[in-house]
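Data first, discussion second: the structure below is written as structure tokens.
Derivation of every value follows stated rules applied to the coordinates shown; laboratory data play no part. Just so it is clear, the model here is predicted, and its values are computed rather than measured. Positions of Cβ are backbone-derived with ideal geometry, glycine not excepted, and every protein chain shown enters the neighbour counts.
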Amino acid sequence: MFFTQPGKAKSTLIGLGAFAIIMVIAYALGSTEPLPGATEEISTGAMKFIDGGLLASYIFLGIAFIGIIISEVSSFFR
């Protein structure tokens, strides 16, 4: 499939690369600070992973929201 349609394969790989970059950035920005008042001990790696996942979700939500707005505005001017 990838070899018969290189244009589609290229766009798929670009999308996967962008996804991976956003995930790495979100993980790097993730905090290891424990929540105040937390009763259970959670490892710093788990806290960083969870915080990175939340940050990535916020980033993807923002990208989707911007995409919806751009789509609606561009269709309004057609």
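Can you report the number of residues in segment 4-49 which are part of a helix (DSSP H, G or I) and either of a type outside the set (D, E, K, R) or touching a strand residue (DSSP E or B) at 6+ places or on another chain (Cβ under 8 Å) (or both)?
Residues that pass the stated criteria total 27.
Checking GLU72 against (1) in a loop (DSSP other than H, G, I, E, B); (2) closer than 23 Å to GLY15 by Cβ; (3) of a type in the set (D, E, K, R), which single condition isn't satisfied?
Failing condition for GLU72: (1).
Consider only pairs whose beta carbons are under 8 Å apart and that are at least six residues apart or on different chains; among these, list those whose first residue lies in segment 14-27 and is at negative phi and whose second residue is aromatic (Phe, Trp, Tyr) and in a helix (DSSP H, G or I).
ILE22/PHE60; TYR27/PHE49
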